[in-house]
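Just below is one structure, and these are the notes that go with it.
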Amino acid sequence: MRYFVIHSGSDMEKSVKPLIEFWAQNCTAAQFIILNGTQETWEADAVAKIRQAEKVIYIVGKNSHASPNIEKEIGIALKEKKFIYVVKLNGKYILNRSVESLLPEKIVAGEGDADGEVVIRQRQPAAVVVDERSMLDHLRGDEEEVLWRLRAKNADDKETFFEQYKMFVQTSEELVKRKQSVNSVYITLNSIILGAIVSVMCALSDLPMLFGAVNVSLVFSVFAALIGSVVCFSWLSVLRSYADLNASKMRIIEYIEDNLALRLYETEWAVLTKIIGKRKYKSFSKKERFVAILFCVLYGLIIVLGIIMAVL
């Protein structure tokens, strides 16, 4: 399981690094993602890495509560709905208000099964405070939960085990192919919409006026651009779903490779990270989303231009 570690840079060498090494030695399945706060694009990097992690570990130092960067990372974690383990380096250190409000279980009212019924229930906390030692128990518990879900009765059958692994890898490849097909459909649809808008706007002077003041071509262009914008938002939503599904598949593949001779996918990522060095890796999903956003921006410009021309 992957954990994103929120920490203060001043605590890294003396406290955070030894803690992570201790946890890693005693829970080999846990992977800790640590952000280099000196990067210029650290915030975008934090968003990407927090999304990659299943949970977040917030190591509280003396001045952590006063760090705006830590507050931003906590905000990102909450937005991405990540559960937060809070580890205080000293019991007297102050917690951030955003974290403190998550800790107690609050009594909330909700709708029951019957009409008008109100049920009082406890809300599960989104964070929990643990000490350095008990954090290890939580890490092992998370690992056992994943392995319990993964392992089956005949997991010791190596031939069946490997065949299932190959089938699962194939489903990941097929998912990428399906996503490419979906991209082709959306690109074609947006090209048709843009082509229709350009054709109609080129015939601006040839089309009749609506209500004696507004040209029909402007109305059509704005309406088509609104439809195109809806299509783009749908496209972005589909891309997000595919990215989440593929990410979950890759994590399961990494768990399976713990029981194989080689960890191919994990090693591939490590080698890629070393090759790109300080350059920021841009996934295919980000590039695909950029195309969808570009179409959406074009539609927005068309809507604004159409409204301006109708008013003038």
Single unsatisfied condition, residue 289 versus (1) at pLDDT below 80; (2) under 14 Å from the mean Cα position of the chain (by Cα); (3) open to solvent by 50 Å² or more (accessible area, probe 1.4 Å): (1)
Only listed residue being at pLDDT below 80 and not acidic (Asp, Glu), chosen from 57, 120, 74, 50: 120
Per-region count, the stretch 55-67, residues touching a helix residue (DSSP H, G or I) at 6+ places or on another chain (Cβ under 9 Å) and open to solvent by 50 Å² or more (accessible area, probe 1.4 Å): 3
Where a residue in the stretch 171-183 is closer than 20 Å to residue 253 by Cβ and in contact (Cβ under 8 Å) with a residue 24 or more places away in the chain and its partner, wherever it lies, is open to solvent by 70 Å² or more (accessible area, probe 1.4 Å) and assigned to a helix (DSSP H, G or I), with Cβ under 7 Å and at least six apart: 175/245
Inter-residue pairs, beta-carbon under 7 Å, first touching a residue at least 40 places away in the same chain (Cβ under 8 Å) and in the stretch 289-302, second aromatic (Phe, Trp, Tyr) and assigned to a helix (DSSP H, G or I), 6+ apart: 292/235
Extreme residue, nearest to residue 263 (Cα to Cα), among residues of the stretch 238-252 that are hydroxyl-bearing (Ser, Thr, Tyr) and surrounded by fewer than 16 Cβ atoms within 10 Å (Cβ to Cβ): 248
Single residue of 155, 66 found to be at pLDDT 80 or above and either out of contact with any Cys (no Cβ under 9 Å at 6 or more places or on another chain) or not aliphatic (A, V, I, L, M) (or both): 66
Matching residues, the stretch 225-237, being open to solvent by less than 40 Å² (accessible area, probe 1.4 Å) and either farther than 13 Å from residue 291 by Cα or among the small types (Gly, Ala, Ser) (or both): 225, 228, 229
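The values are calculated or read from the model by the stated rules, or taken from the named source; none is laboratory data. Everything numeric in this text was worked out from a predicted model, so none of it was measured. Glycine gets a Cβ as well: all are built from the backbone with ideal geometry, and neighbour counts include every protein chain shown. Only protein heavy atoms, including side chains, enter the accessible area calculation; ligands, DNA and RNA are left aside. Shrake-Rupley method; radii C 1.70, N 1.55, O 1.52, S 1.80 Å.
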